[in-house]
1. Taking the residues in region 75-122 that are small (Gly, Ala, Ser), part of a helix (DSSP H, G or I) and modelled with pLDDT of 95 or more as candidates, determine which candidate is nearest to Leu54 (Cα to Cα).
2. For residues that are in a strand (DSSP E or B) and touching a residue at least 40 places away in the same chain (Cβ under 8 Å), scanning just region 54-74, find the one that is surrounded by the fewest Cβ atoms within 10 Å (Cβ to Cβ).
3. Quickly run through region 19-51 and pick out the residues that are of a type in the set (A, V, I, L, M), surrounded by 14 or more Cβ atoms within 10 Å (Cβ to Cβ) and in a helix (DSSP H, G or I).
4. Using the structure shown, decide if Asp10 is modelled with pLDDT under 95 and surrounded by fewer than 18 Cβ atoms within 10 Å (Cβ to Cβ).
Amino acid sequence: MRILAVDPGDKRIGLAISDPSGTIANPMTVLHHISRPVDAAAIAALALEQGAGLIVVGQALDDNNEIGPSARKAGRMAEAIRLQCSIPVILWDESGSTQTARQAGIDLGVSRYKRRGHLDHLAATVILQSYLDSQP
């Protein structure tokens, strides 16, 4: 089963998709935020197009594993996606995903110039791979 991951942001939304076996996460694309309903419809359409059986929305918890303002926004995005399609949608802790994506670029030897861009689709990949690795 393919799984779509969403890294919601105020300006951009990163997306990643798993391979058909649900083992390896791959970066997919970045959507520019328009409004929650429009974004949710675009995400649902991409999930259906890709044959995803699950949508994982990244939710950043604070240092005490509590739900803060950005985590509440992620919850509202997940609910908006649920209203757009029948694919199950779950929330997954994304804490540190952007930093992990940035470090991966450094580890791979990507130049500072190329790393300065947006990492949203790579952060979504980190979120998805974290979810996939947690599954039995």
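The values are calculated or read from the model by the stated rules, or taken from the named source; none is laboratory data. Keep in mind that this is a model prediction, so the values were computed, not measured. Using ideal geometry, Cβ is built from the backbone for each residue, glycine included, and neighbour counts are taken over all protein chains shown.
1. Taking region 75-122 and keeping what is small (Gly, Ala, Ser), we get 75, 78, 80, 86, 95-97, 101, 104-105, 109, 111, 117.
From the residues that got through so far, the ones that are part of a helix (DSSP H, G or I) too are 75, 78, 80, 97, 101, 104-105.
Among the residues that remain, those that are also modelled with pLDDT of 95 or more are: 75, 78, 80.
Working: Gly75: 16, Ala78: 12, Ala80: 15 Å.
Per the stated criteria, the residue is Ala78.
2. Pass one, region 54-74, residues in a strand (DSSP E or B): 54-59, 61, 67.
Pick out the ones that are also touching a residue at least 40 places away in the same chain (Cβ under 8 Å) and you get 54-58.
Details: Leu54: 17, Ile55: 22, Val56: 27, Val57: 27, Gly58: 31.
For region 54-74, the residue satisfying everything is Leu54.
3. Start the filter on region 19-51 by keeping residues that are of a type in the set (A, V, I, L, M), which leaves 24-25, 28, 30-31, 34, 38, 40-48.
With the extra rule that they be surrounded by 14 or more Cβ atoms within 10 Å (Cβ to Cβ), the set shrinks to 25, 28, 30-31, 40-44, 46-48.
Residues satisfying the conditions are Ala40, Ala41, Ala42, Ile43, Ala44, Leu46, Ala47, Leu48.
4. Values: modelled with pLDDT under 95: yes; surrounded by fewer than 18 Cβ atoms within 10 Å (Cβ to Cβ): yes.
So Asp10 passes the test.
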